[in-house]
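Inspection log for the structure reproduced underneath, given as structure tokens.
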Amino acid sequence: MSIRVILDKPPEFYTNLDFIKGDVVLSLSRPEHVGAIIVKLEGESRTALGVPTDNPGMGIAGRERISGGDTLHENHKILYKVGQVFPDENAPPAASPYLLNPGQHRFPFQFKFPFNNACGNTEAMARIGGVVNTGGIFGVGFRVMDGTKQLMYSHVTKTLPPSFTGFPGEAEIRYYVKVTIQRPGIFKENWRYQMGLKFLPIEPPRPAKSNQEAYARRPFTFQPRSPSPSPYQKKRSSFFGGLSTSTSSRPGGPPLPDPASVAAPSIEMSARLPHPAILTCNKSIPLRLIAKKLVPAQADVYLVAMQIELIGKTTVRCQDLVNTEVNRWVILARHGLSTLVSKPEDPVGTEFVVPDILWSGAPLPNTVMPSFLTCNLKRDYQLEVRLGLAWGKPSTIGPNMFLGRGKFADAANRPPELHLNLPFSTIQVYSGLTPPAELVEATRQGRGRNPRPQRPSPSPQAAAAAGPSFLSLPLRSTTPSPTLNPVLTNPTRRRTLPAQAGAGIRGQGRCRRVRRMMTPPPTYAGGHGRGDDGPVFLCCRARPAL
């Protein structure tokens, strides 16, 4: 006996609204009695966290008393579809099992991937359970999962999340096709077979292109150079003695200017992304780097190093326990650059756009999955751009060349450098799978939908005549406890930057986040990121027309 599942033209991964077709191939070496052949398309999101020893008593809504050191588990059936391929679902219940002769038997099946997760529909989950198509003295029929167990957990209705196996034993999201061949009888065990699938959701409808940009910027002023003499300044005696001369120039170069007479340059670096900040899997980052001169300094400023990191934060929730795992991907790491970003003759306020050829050929790694939110797992992203600037042209002598007693040959004359960190607090990563035109059209129609009219409040005279009612009584606060469902709690907060930080939008003294809310489908409701207070400014502005 052998069981196989042969899929019809299987893709690299399935997505929402795709059809999965195939055949269940059953090979028998002898006659067998079969009650039914069931095929299921399932997806589950599993989490497991250990209870800390200093915080016992954790459990589902506090109903269970669990000692410290134990492990809590939470399993959400995000996808559950059942189909009977033998006998036909429309066939009447048989009084006895069916007899299959030796040989190879094929049973076709077909499912369609839904758009949202299934466990969020509590009414449908409550109706699942028991044995379906019962009949016969041998109990011919098949058993489905008990959906009432899903009612103990907190759920959200979102797009199906991608396949996820980044933290074995702690968190995983997997999809599979499961085949069950029921063999009636007390001492006969059912035959089962399972085959895993890869799933990648389609991306939400992207907002219309605009000139707005989200940016992180930071101004910096170099420290004034010390008036100490150059290491190349040395005295040498004349051949006739008595007289001495001094040199203060590089070997083979022009004389160095007096450091005290040169003003320290000040420059502002800003990293900009289209608003809202959206990255695409396996695509390069749509980044713009702009350098702005702030003071009239007669000095050159060069970009000497650049590094881009993508930070992924996975929030794992298991009942009342929450854990956050952090991953980092280095998208780009370039050192030894010599890109001029500020010239001495440039007037104050001149902006220089760094050529994007430095990072345009660096796509996101294939291990980066799209941002998602499901009942017990959440993946968010942040972006960090680190820059290295130098006052003066970098030396051509490499760091591996030594001189004398282990000192760098150009250590004393190396131009001053500074390193800037420009973070984007919230980044959305999309899968790159374009949604169907019907979904995009439904989203556009939903944006223009008129809000529901509010019921007019009664006048004070009418309220007094009606007398007191339960509506006028003080209500108990319905604010959820911070310990209940902390992963899904995302209150809307607005921060304003200090006045000296500058305006995100021209003509205003405060920087506000621009939020775009999309009504349908409910999967796409949510806000965008916020900026960080302090010396790094993150806000939105209108991009000037080119």
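The values are calculated or read from the model by the stated rules, or taken from the named source; none is laboratory data. Just so we're clear, the structure is a prediction, and the values are computed from it rather than from any experiment. No Cβ is skipped: glycine too gets one built from the backbone with ideal geometry, and neighbour counts run over all protein chains shown. Just so you know, the surface numbers come from the protein's heavy atoms only, side chains and all, with ligands and any DNA or RNA stripped out. Shrake-Rupley method; radii C 1.70, N 1.55, O 1.52, S 1.80 Å.
Below is a table of values for the structure above.
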{"read-out": "Among residues of the stretch 151-168, those that are in a loop (DSSP other than H, G, I, E, B) and either of a type outside the set (Gly, Ala, Ser) or under 11 Å from Gly120 (Cα atoms) (or both), counted", "value": "10"}
{"read-out": "Test: residue in the stretch 19-37 that is in a loop (DSSP other than H, G, I, E, B), over 30 Å from the mean Cα position of the chain (by Cα), modelled with pLDDT of 85 or more and of a type in the set (Gly, Ala, Ser)", "value": "yes"}
{"read-out": "Positions within the stretch 143-156 being over 18 Å from the mean Cα position of the chain (by Cα) and either within 16 Å of Phe13 (Cβ to Cβ) or open to solvent by 20 Å² or more (accessible area, probe 1.4 Å) (or both), in sequence order", "value": "Arg143, Val144, Met145, Asp146, Thr148, Lys149, Leu151, Met152, Tyr153, Ser154, His155"}
{"read-out": "Qualifying positions in the stretch 181-207 - open to solvent by less than 30 Å² (accessible area, probe 1.4 Å), farther than 22 Å from Ser45 by Cβ and not in a loop (DSSP other than H, G, I, E, B)", "value": "Ile181, Gln182"}
{"read-out": "Looking only at the stretch 209-237, and only at residues there that are in a loop (DSSP other than H, G, I, E, B) and modelled with pLDDT of 85 or more, the one that is farthest from Lys293 (Cα to Cα)", "value": "Lys209"}
{"read-out": "Criterion violated by Gly169 - all others in (1) crowded, with 19+ Cβ neighbours inside 10 Å; (2) at pLDDT 85 or above satisfied", "value": "(1)"}
{"read-out": "Val348 vs. criteria among the β-branched types (Val, Ile, Thr), open to solvent by 50 Å² or more (accessible area, probe 1.4 Å) and part of a loop (DSSP other than H, G, I, E, B)", "value": "yes"}
{"read-out": "Number of the condition not met by Pro355 [criteria: (1) touching a residue at least 24 places away in the same chain (Cβ under 8 Å); (2) out of contact with any helix residue (DSSP H, G or I) (no Cβ under 7 Å at 6 or more places or on another chain); (3) not acidic (Asp, Glu)]", "value": "(1)"}
{"read-out": "Subset of the stretch 1-25 that is among the β-branched types (Val, Ile, Thr) and closer than 24 Å to Arg192 by Cα - its residue that is surrounded by the fewest Cβ atoms within 10 Å (Cβ to Cβ)", "value": "Ile6"}
